[in-house]
Structures are given as structure tokens and as C-alpha cells.
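Please read the structure below before turning to the comments.
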Amino acid sequence: MILRLLDKNRKQVTELENRLSYKFADPALLLQALIHRSYSFEQGRQLEKDNETLEFLGDAVLDLTVGYVLFKMFPLMKEGDLTRLRSALVKESHLAIMARELDLGSHILLGKGEDASNGRDKPSILSCAFEAVMGAIFLDGGYEAAMAVVDRNVVPWIKQRKETLRNADAKSLLQEMIQEKFNQGPSYVLEKAEGPDHDKLFTVLVCFRKVNMGRGTAKNKKEAEQKAAAAAIKKFENFVFDDE
């Protein structure tokens, strides 16, 4: 059944190989990576394969390859920051973005119900398919083949995700930076709150040893604090703090 299905979908498999810049020795592996369980279920005993085991393998492959890339790119980065950055790159929402760049959704074999409910653009389905494809590549060509695909499809995102992660968790990063030097943490002060209750804007200052390090404005205090911390991080090396 899988070989007949491969003959039927040969054009789509070849198109995806071209997008991946990887030619499969066994293209049936790539086809299996595209078989969603809803499609397999509809085929019954004729097709007892789907992409879930390849997804399991691909998840591990991505953890290893992306982790190694980050280790090489940022040898001085702390373990916690490396872990958070890797998580940002391999989480469901980001895998779905990379899957869309490959137009993976148009190649997935879906059951009629999933297809009718816009399954081809569901992050859960796209991310699982991306992982399954990585698992298939690893089985077909080994570690080096998987790493080459990661270099082409994941590495270009690293700088952007690093900056996004830095801004999203700026408070934690600023706390670590200050504690490392002074064994203390910053404080956050609400400078002002403006506007009606349903549309209020909060402005927060982050301070350390009488120095106003950064200011952030947002529709809630937590986001304003993150923005203030992000502003402080950008100028951190320029600050001079009094000894206490």
C-alpha cells in the first residue's frame, strides 16, 4: 500500500525534497512522515502506518541538532539560557512557522474531516509533520543529513528567536546580570498610570542603586516591567552604580 501511495504522490514528494534540499534514498520514509493518523484511520487495514513514530524520533533529532548548533554558536551562554532558546526554536508554534515556509501543509495526507476543518494549517498538525520529516531524514541519511537541514531551515531563525526570547524574559535576564555583579536585584517602580480603566497605560521604571535603568509602557504592569528590563539590558554596560 505504501508503495502504491508513493507512486500516486511522487510529484508532491519530489517537490518537498526540493524545498528541503535533500534527496531521499528511500522516499517512502518521507511519504510516511506526511501521513496523518486521520488519513491512516480512514484507509483501515490497507494502510497501518502514520507519522507518529517518526514524529517521536524527529523530536529527539531536533533537540540534539538544535542543541549542538546553539552550543557551538554561544559557547559562553548559560545552560538555562541555552535551554530556553532551544525551547523557543522547537516549540509547536515555531515548528509550525517553519513548516509553513516549506509549504508542508499542502503535502500532508489528511483524513477528510481534518482536511475540511482546515487541518493543513493547524499548528499541532504542522509541527508534528515537521518533526516527522526530521525523523525520516535522520533514518534515511543519518546525523549529518539532519544537521544540514537544520542549518538551512532552523539556524536562520536563531538570531531572531534569541532577541525575542531576550525581550520576553527580560526581567529574569536583567536579574541574573545584576546579581552576578552585585548579588542584589533591581526594583520596579510604577511611574504613572494614564487613561480610562478599560484602556489604561502603565509606565514602569526599573531601578538599581538610585539609577533609573530603563522605562517601559504597556497596557499591563507585567508587560511594562518586561519592556523596562529590556531597555535596561541594552544599556547595561553604560551604567555606573554607587557602591553600597
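The values are calculated or read from the model by the stated rules, or taken from the named source; none is laboratory data. This is a predicted model, so every value here is computed, not measured. Positions of Cβ are backbone-derived with ideal geometry, glycine not excepted, and every protein chain shown enters the neighbour counts. All accessible areas refer to the heavy atoms of the entire protein, side chains included, with ligands and DNA or RNA removed. Shrake-Rupley method; radii C 1.70, N 1.55, O 1.52, S 1.80 Å.
Odds and ends about this structure:
- The residue list G111, M98, F241 was ranked by how far each Cα lies along the charge dipole of the stretch 95-244 toward its positive end, using unit charges on Cβ atoms, and F241 comes out on top.
- For the chain, the carbon plus sulfur part of the accessible surface works out to 51%, probe radius 1.4 Å.
- Once all protein chains are placed together, M73 keeps about 90 Å² accessible to a 1.4 angstrom probe.
- Recomputing Rg and Dmax of the Cα atoms in Å from the coordinates shown identifies the correct label among [x] 18.1, 57; [y] 17.2, 68; [z] 23.5, 76 as [z].
- Magnitude of the charge dipole, the stretch 137-208, Cβ model with Lys/Arg +1 and Asp/Glu -1, debye to 20: 160 debye
- Annotation: S117 carries an accessible surface of approximately 60 Å², with a 1.4 Å probe and no ligand, DNA or RNA atoms counted.
- Cα long-axis angle, helix 158-168 against the chain (0 to 90 degrees, to the nearest 10): 50 degrees
- Remark: the chain carries 55 Å² of accessible area per residue (probe radius 1.4 Å; ligands, DNA and RNA excluded).
- L190, L89, reordered so the largest accessible area comes first (probe 1.4 Å): L190, L89
- Long pairs among K171/K192; K122/K222; K181/K210; K11/K49, criterion Cα-Cα beyond 28 Å: K122/K222
- Per residue, the average separation of C-alpha pairs within less than 8 Å and at least 6 apart gives the chain a relative contact order of 17 percent.
- Dipole magnitude (debye, nearest 20) for the stretch 88-244, charges at Cβ of Lys, Arg, Asp, Glu: 460 debye
- C-alpha long axis of helix 170-182 to longest principal axis of the chain, angle in °: 50 degrees
- Ranking I35, T65, L76 by Cα position along the charge dipole of the stretch 35-95, where only Lys, Arg, Asp and Glu carry charges on their C-beta atoms, puts L76 farthest toward the positive end.
- Against the chain, whose longest principal axis is taken from its Cα atoms, helix 79-90 shows a tilt of about 50°.
- Distance from the stretch 16-60 to the stretch 182-229 (C-alpha centre basis), Å: 49 Å
- J(HN,Hα) series, the stretch 19-27, from Karplus relation 6.51 cos²θ - 1.76 cosθ + 1.60, nearest Hz, glycine and proline x: 5, 6, 6, 9, 9, 6, 5, 10, x
- Look at the Cα gyration tensor of the stretch 196-244: its axes a ≥ b ≥ c give a/c of at least 1.5 with a/b over b/c, and that counts as prolate.
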